[in-house]
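Heads up: the structure comes next, in structure tokens.
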Amino acid sequence: MANKQLSIRILTIFPDMFSALLEWGVISRSVENGILEILPLDLRDFTDDKHRTTDDYPYGGGSGLVMKAPPFFRAYESITKQGIKPHVVFTTPKGKLFDNDKARELAEKDDLLFLCGRYEGVDERVMTIVDEELSIGDFVLSGGELATMVMIDALARFIPGVVGDIQSVKKDSFYNEVLDHSHYTRPRETNNLKVPDVLLSGNHKKIELCRRKESLLKTIMRRPDLFMKHELDEVDKKALIEIIKENVKDV
């Protein structure tokens, strides 16, 4: 008989990718035995246009596309309306490093919701429903799906019944640049949250400086080890000067 059931929902534009978890290995058997529930959800099901659009061009300019916030909000609302309050994880290179301790911690949750990004990133306003941002390493993947599968595989091992001997699991062993800035796309306002005015200014030098300041601050606060390895260029130095001027009143 199953010891417990952990429900894991995954919000993605490629739900079929998760057949690798559902059809193979110890996780598939755990799903069959009722220990785990894994529910891939198609983000396109929560769009409101005939083309089922999940991305748009970034405010403030720049290359690539950014995933829109409203589909994520609608999906989250559809889950919470069922009386479920999932612990929401966003997989991103900007997140804290996922490790064995974090896998064990997540395995103790009752409901998890993984958000899988693509393209240049996800509209920053989506972070208002995220409980934590996690990374599997200092490298970039084409999307969050593979990182999510890695995390699910790791955390599932700490659930009694998934692996034959839980004690064996407990004994298992366990490039460098600044973190990315926040991204935004249409609409300008959603869930009473607005795109920062600077990104609508059309002043590309000001936008670049603002983005670099945020990147440096995020790196210093979240990954000081990366910042120590980073060689400052002219834009970085200007950004740091602005940060100091904004935060130091008198010398």
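Values in this text are rule-based calculations from the coordinates and carry no lab data. Computed from a predicted structure; not experimentally measured. Reconstructed Cβ throughout: ideal geometry from the backbone, glycine too, with neighbour counts over all protein chains shown.
Values computed for the structure shown
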| item | result |
| --- | --- |
| Separation of the residue 198 and residue 7 label points, Cα + 7 Å toward Cβ, nm | 4.1 |
| For segment 1-106, size of Cβ-based charge dipole, Lys and Arg +1, Asp and Glu -1, in debye | 280 |
| Using a Förster distance of 25 Å, the FRET efficiency for residue 108-residue 146 (Cβ separation, nearest 0.05) | 0.55 |
| Fewest-first sequence of 183, 230 by Cβ atoms within 10 Å of each Cβ | 230, 183 |
| Farthest positive-ward along segment 6-170 dipole, Cα basis, beta-carbon charges - from 46, 95, 17 | 46 |
| In sequence order, calculated HN-Hα J values of segment 156-163 (Karplus, 6.51, -1.76, 1.60; Hz; x Gly/Pro) | 4, 5, 8, 8, x, x, 6, 10 |
| Long-range HN-HN contacts of residue 112 with modeled amide H, under 5 Å | 7, 8, 9, 87 |
| Ellipticity estimate at 222 nm from DSSP helix runs (n ≥ 4, -39,500 (n - 2.57)) divided over the chain, nearest 500 | -10500 deg cm²/dmol |
| FRET E, pair residue 242, residue 82, Förster distance 45 Å, beta-carbon r, rounded to 0.05 | 0.45 |
| Links that overshoot a 25 Å alpha carbon limit, given the list 94/237; 94/194; 68/109; 96/213; 94/249; 68/238 | 68/109; 94/249; 68/238 |
| Potential lengthening between residue 249 and residue 232 on full extension [0.36 nm per residue; Cα-Cα distance subtracted] | 3.7 nm |
| Unit charges on C-beta of K, R, D, E only; dipole of segment 196-247, Debye | 80 |
| Per-residue HN-Hα couplings for segment 22-30 [Karplus 6.51, -1.76, 1.60; θ = phi - 60°; Hz; x = Gly/Pro] | 7, 10, 9, x, 5, 5, 4, 5, 5 |
| About the Cα centre, charge dipole magnitude for the chain (Lys/Arg +1, Asp/Glu -1 at Cβ), debye | 440 |
| Built amide H within the under 5 Å cut-off of residue 141, gap 5+ | none |
| Ranking of 197, 56 by count of other Cβ atoms within 10 Å, fewest first | 197, 56 |
| DSSP bridge pairs, the chain: antiparallel proportion in percent, nearest 5 | 20 |
| Karplus (6.51, -1.76, 1.60) ³J(HN,Hα), θ = phi - 60°, over segment 236-251, in Hz, Gly and Pro reported as x | 4, 5, 4, 5, 5, 4, 5, 4, 5, 4, 6, 10, 10, 7, 9, 10 |
| Amide hydrogen neighbours beyond the local backbone of residue 135, cut-off 5 Å, H modeled | 92, 95, 96, 97, 98 |
| Sorted by Cβ neighbour density within 10 Å, fewest at the top, the residues 116, 210 | 210, 116 |
